[in-house]
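The structure appears right after this line, and notes come after that.
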Amino acid sequence: MRIMIALAAALMVAGTTSAHAAAPAALAAPNIDVAKVQAHLSQFQSIANANGGNRAHGRPGYLASVNWVKGKLDAAGFTTRVQSFSSNGATGYNLIADYPGGDENNVVMLGGHLDSVSAGPGINDNGTGSASILEVALQVKATGFAPSKHLRFAWWGAEELGLVGSTYYVNSLTTTERSKIKTYLNFDMTGSPNPGYFVYSASGQPSGSLALQQRLQSGFSAIGVQTELTSVGGRSDHAAFARAGIPVGGTFTGAEGIKTAAQAQKWGGSSGVAFDRCYHRSCDTLSNVNATALDRNADVIASTLWATAA
Ligand code: DPN
Ligand code: ZN
C-alpha cells in the first residue's frame, strides 16, 4: 500500500493522475517449456518399462508414478498428501498438493488422472495431463507466483476403473471443505497424436463453468488456435466436482473419436483417423504424443490458472 501511495504521489508530481497507472501489474503467466513436460513423460515411460509395461491401478507402476510426482512437488515446497482408497480389491492412491499461501476459502484446483489402463504405459492417456499440471505447478513456484487464491493440484488414482479416485476425494470432503473449492480444471489427454483442440462445454455444468470455458477458449485464441466445445459428460474426473456443484472446465485433444474432414482442415492431421489410434492400447507410448498439442495445452493451462487465481 505504501508503494502505491508513493507511486500516486510521483504521478501527481509528473502531472498524470491515472489510477490505472498506479495499479500493480499482474504477473504474466509463463510460457511452459514443452521439453520439460516431455522429460516428465519420459519418466512415466521409464516407470512403466520398469514395472511390467503399465502404470495401472493396483500395479506397482502406479504407486511408482505417485512417488515420483510427489518427490518433485515436495522438493518445490508443496504440501503433499497421499490419500488411499480401496477399489477392485487393491489399494488406490490420490496425490494432492497444496501450494502454500492464498485465500484458503477460495481454492482453485487443477487435476488429472495418473493411472493408465493395464494394456500399456498410458503416456497420452494420461501422462500428458499429469506431466503438464506437474510442470505448471513447478513453474508456479519457480516464477514466485503469489496468487490471491489458494492453489491445489491433484493426480487421481483409478480413473480408468470408473473415476474412482476423484469421486472418493470429493466424497471425503466435509461440506465446508467442499464449499471452499470454487474452481476445478481437468486435463485428461492433452497430446493426442492426431489432435483436436477441445474445450469442455459449460452447458449443463454448474454455474460459474462458463467463465472457465471462456477463459480456456481465450487462452487458445491468444495463441492462434481454433477450438471446438466438447461435452465430456461423465467421462473424466471433473464429473464428481460438477455433481457437487463446483464450476468445472478442461481441455482435451481427443481419444477414439474420428477426426472429420472439416477438423483436419482446421487443425491439420488426418481425417477419417482417430484422434488417438493408440487409445487404451499398448502403443500409447512416448511416440504417441503430438508435441505441438502438448505444448499449446500446457501454455493454456498456465494462462488459465494465472488468470483464474490471480
Ligand atoms: N477419461 C479418458 C480416459 O481416461 O479414458 C478419456 C476421455 C477424456 C474421454 C476426456 C472423453 C473426454
Ligand atoms: Zn483412459
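Brief remarks follow.
- Whole-number percent relative contact order across the range 33-309, with pairs defined as alpha carbons under 8 Å at least 6 apart: 22 percent
- On Cα atoms only, tilt of 128-142 relative to the major axis of the chain in degrees: 30 degrees
- Top of Ala291, Ala50, Ala242 by mean-square fluctuation, Gaussian network on the chain, Cα under 10 Å: Ala50
- Under 5 Å, built H, 5+ apart or other chain: amide partners of Ala56: Gly61, Tyr62, Ser116
- Ranked Ser192, Ser303, criterion: other C-beta atoms within 10 Å, fewest first: Ser303, Ser192
- Pairs of lysines in the chain whose Cα atoms sit within less than 13 Å of one another amount to 4, provided the residues are eight or more positions apart or on different chains.
- When the chain is treated as a Gaussian network with alpha carbon springs shorter than 10 Å, the biggest mean-square fluctuation among Leu173, Leu185, Leu114 belongs to Leu173.
- Cα-based helix-to-principal-axis angle, 60-75 vs the chain, degrees rounded to 10: 20 degrees
- Relative to its Kirkwood radius, the Cα radius of gyration of the range 188-310 gives an Rg/Rh of 0.97.
- Choice from Gln265, Gln205, Gln139 with maximal GNM fluctuation in the chain (Cα, 10 Å cutoff): Gln265
- FRET efficiency, Thr292 to Ser86 (Cβ-Cβ, R0 41 Å, nearest 0.05): 0.55
- Globularity index of the range 143-227 is 1.28 (Cα radius of gyration / 2.2 N^0.38 Å, N = number of residues).
- D by Stokes-Einstein for the range 33-309, Kirkwood Rh over Cα pairs, 4 °C, 1.567 mPa s: 71 µm²/s.
Any read-out appearing in this document is the output of simple, stated calculations on the displayed coordinates, not a laboratory observation. Predicted model only: the values in this text are computed from it and were never measured. Heads up, the Cβs are rebuilt from the backbone with ideal geometry, glycines too, and the neighbour counts pull from every protein chain shown.
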